[in-house]
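S.K.: To start, I am sharing the structure in question, which I have written as structure tokens.
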Amino acid sequence: MGAWGYGPFDNDSASDFWYDLRDAKDPAKFLKKMLDNAKQGYEDERRAAAAFVHFLSRFDRRVLNTLKKDAHKAIKDLLDSDYVENWKDPTNVKRSLKKELNNLK
């Protein structure tokens, strides 16, 4: 993984997520798919999708209420999984995830 920080967009997988979102025929459906994807190996993309939903929710809460709930669940699932322990510095990752979770309230 080419991680350069602890935030949701600080790695190569998140960059891949952006390109996939850009190319998606139905971006809302793509976001829902990423948020629901609990497969091992897609944690970074799921996290990026949740952070993106938080960003969008600042503009139009009506459209994103369902996705926001899904984003909250995605981040909570990551906190409750072994995702955090796979990082070199799990404490900072956990802190970042908790901040993301709080942003989605």
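Read-outs: derived from the displayed coordinates by stated rules, not from any lab. Treat the numbers as computed from the prediction; the structure is a model and nothing was measured. So basically every Cβ, Gly included, is an ideal-geometry build from the backbone, and we count neighbours across all protein chains shown.
S.K.: At 7 Å along Cα-to-Cβ for each site, give me the label-to-label distance between K39 and K69 in nm.
M.R.: In this crude spin-label approximation the distance works out to 2.6 nm.
S.K.: Using R₀ = 35 Å, calculate the FRET efficiency as 1/(1 + (r/R₀)^6) where r is the Cβ-Cβ separation of D16 and K105; round to 0.05.
M.R.: That gives a FRET efficiency of 0.80.
S.K.: Among D70, D16, D89, determine the one that fluctuates most according to a GNM of the chain built with springs between C-alpha atoms less than 10 Å apart.
M.R.: Comparing D70, D16, D89 in a Gaussian network model of the chain, the most mobile one is D89.
S.K.: Next question. Counting only other residues whose beta carbon sits under 9 Å from that of A14, what net charge do I get with K and R as +1, D and E as -1?
M.R.: Once all neighbours under 9 Å are counted, the net charge is -4.
S.K.: Which of the listed residues, N86, V53, F9, is farthest toward the dipole's positive end in the chain, when Lys, Arg count +1 and Asp, Glu count -1 at the beta-carbon?
M.R.: It is V53, whose Cα lies furthest towards the positive end.
S.K.: Determine the alpha carbon to alpha carbon distance for each of K33/K94; K73/K98; K32/K76; K25/K69; K39/K76; K32/K69 and list only those over 21 Å.
M.R.: Exceeds cut-off: K33/K94; K25/K69.
S.K.: Something else about it: Taking Cα pairs under 8 Å and at least six residues apart, what relative contact order does the chain come out at, in percent?
M.R.: The normalised contact order for the chain reaches 25 percent.
S.K.: Quick one: if you stick a label point 7 Å off each Cα along the C-beta vector at D23 and D89, how many nm between them?
M.R.: In this crude label model, D23 to D89 measures out at 3.3 nm.
S.K.: Please build a GNM for the chain, connecting alpha carbons under 10 Å apart, and tell me which residue among Y42, Y19, Y83 fluctuates the most.
M.R.: Taking springs between Cα atoms under 10 Å, the residue moving most is Y19.
S.K.: In degrees from 0 to 90, rounded to the nearest 10, what is the angle of the helix 12-23 Cα long axis to the longest principal axis of the chain?
M.R.: 10 degrees
S.K.: Which aspartates and glutamates does K68 reach when only Cα atoms under 13 Å apart count, and residues fewer than 8 places away in its own chain are ignored?
M.R.: D36, D60, E100
S.K.: Looking at the chain as a GNM with Cα springs under 10 Å, which of R22, R47, R95 has the largest mean-square fluctuation?
M.R.: Ranking R22, R47, R95 by mean-square fluctuation puts R22 first.
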